[in-house]
Amino acid sequence: MSELLAVGRITDLDALGPAETLESYVGRGGYEGLRRALSMEPEQITAQVDQAGVVGRGGAGFPAAAKWRMAAANPGPRYLVVNGAEGEPGSYKDRHLMARAPHQVLEGIAIASRAIGATTAVVYVNRLFAKAGAALEAAAGELGSSDLAKALPKLSVRVEHHVYIAGEETALLAALIGRPPWPWPKPPYPAERGLYGSPTVVNNVETLAHVSAVLRLGPAWYQNQRPILFSVTGDVSTPVVVESSLGVSLESLLSQAGGVMRGDEVAGVLPGGYSLPWLGADQLGLAMDPVALAEAGTGLGASIIVVGRRRGLGSAAAAIAAFFARETCGTCPICVTGTARLAEAMAAGVDSGLVPERAEAVESLAAEHRHRGICTLLDTAAAMAQSAAPRLVSHGRRAGAFTPMATKQS
């Protein structure tokens, strides 16, 4: 039996053309979850999402119900902000959802708004994906002429020029009110004081698609199916969005992307986009499950990025370190200097790998910069470098090859 779900999907992207219509969505059970939510008290809705175990699908994995309860406990007005920035390189599942299943996202928005008592929802969309934002607006127009029109909050789709740091929720809120997209220290959390100083829930696009499914099919179904979308990209034959179940093997997902490019081999994989540590070519059988990945020292994130030996781990790690150095917002001096030092250190491993002493120095440098900035950018850059450095020890191998951890010299 295939590891990929045959039934019970969040939304069958493969069966959808561009921008699913209201008629088509209702025909497959769409808005049944919202109709059910309208007959429930807000806390009952939140309890369903809690029982299902829905977590944020933007990379952080924070329980959705915890955010909702925090916002609901604070006096309004309250806002729902939908993070459709998808600024993590290699991720494109959210734009697919907005462009091809906009009503699925809208239903989640309406349900979440009712649960937290928000009368206004703001969708932040990367300008590169303007068509996805337009599809969402068109779907809202369709819903506005139906009997469910009053269930949808006042909706604003903000198509913005995006920078990477604005994917962080507090930086995103700053951008929405016209300020520089700089993160702020927490607490207060957005659910306590966010947009315009009011309680604000920031949810990822895919998270809200999950909410739709939970209210329609129930928490037990959701826990059994454990549905999730994976973006699989990098040095693969066909980058894809795969709709599957938690626990599917990395190898299975790689096969859905046609495997690595012809003549190439896997050097390493980032299972959580740029934000989490590496896996080796010997770990492709690993289950894409939070527990299994945590035991392997990494985790799930916004995308799965495959690096082939032709490109080499050294080249990929150096490019990612340079990306973080460019994308720091400059608020924290230690982030500015730290990401620059990490980028310089990783650049040394591109051509000939790292001698053991140099790799250990990079690991120490990275460790010094963990958990030091206001947001997670510096920590993310350090975690990537700390994970890659010991695997770049050359041992006389071709530069950039992925050295198994077990062969590391002391």
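Throughout, read-outs are computed from the coordinates displayed, never taken from laboratory work. Note that this is a predicted model, so its numbers are computed, not measured. Glycine also receives a Cβ, built like all others from the backbone with ideal geometry; neighbour counts cover every protein chain displayed.
Structural remarks
- Cα gyration tensor, the stretch 64-209 - rounded (a/c under 1.5), prolate or oblate: oblate
- Gyration tensor verdict on the stretch 339-384 (Cα atoms; rounded if a/c is under 1.5, prolate if a/b is larger than b/c, oblate otherwise): prolate
- Distant-in-sequence amide contacts of Tyr79, defined by a placed amide H-H separation under 5 Å and a gap of 5 or more residues or a different chain, comprise Thr200, Val201.
- Candidate lysines - alpha carbon under 20 Å from Lys131, same-chain residues fewer than 8 apart omitted: Lys93
- Between amide H atoms placed 1.01 Å from N, distances below 5 Å from Ala267 occur with Val307, Gly308, Arg309, all of them 5 or more places distant or on a separate chain.
- Between Ala347 and Ser237, the contour length at 0.36 nm per residue exceeds the alpha carbon distance by 36.9 nm.
- Most positive-pole-ward Cα, Gly285, Ser244, Val163, against dipole of the chain from beta carbon charges: Val163
- 3J(HN,Hα) from dihedral phi, the stretch 228-238, Karplus parametrisation 6.51/-1.76/1.60, rounded to Hz, x for glycine, proline: 6, 9, 10, 8, 10, 8, x, 8, 10, 5, 9
- Listed by chain and number, the aspartates and glutamates whose alpha-carbon sits under 14 Å from that of Lys67, ignoring those within fewer than 8 places in the same chain, are Glu43, Asp50, Glu169, Glu192.
- Hull volume in cubic angstrom per residue (convex hull over the Cα atoms of the chain): 130 Å³
- The charge dipole of the stretch 201-356, taken about its Cα centre with unit charges on the Cβ atoms of Lys, Arg (+1), Asp and Glu (-1) only, comes to about 220 debye.
- Summarising the amide proton neighbourhood of Val157: residues at separation of 5 or more, or on other chains, whose placed amide H is nearer than 5 Å comprise Val123.
- For the stretch 265-405: rounded, prolate or oblate by the Cα gyration tensor [a/c cutoff 1.5]: oblate
- Rounded to the nearest Hz, the phi-derived 3J(HN,Hα) couplings of the stretch 213-221 under the Karplus curve 6.51 cos²θ - 1.76 cosθ + 1.60 (θ = phi - 60°) are 5, 4, 5, 7, 10, x, x, 5, 4, where x marks glycine and proline.
- Given +1 at the Cβ of Lys and Arg, -1 at the Cβ of Asp and Glu and no other charges, the dipole of the chain around its Cα centre is 520 debye to the nearest 20.
- Per the chain, cysteines lacking a partner by the 4.7 Å Cβ criterion: Cys329, Cys375
- Ellipticity estimate at 222 nm from DSSP helix runs (n ≥ 4, -39,500 (n - 2.57)) divided over the chain, nearest 500: -12000 deg cm²/dmol
- Whole-angstrom gap from the stretch 313-373 to the stretch 178-251, using each part's C-alpha centre: 28 Å
- When only Cα pairs below 8 angstrom with a gap of at least 6 residues are kept, the chain shows a relative contact order of 16 percent.
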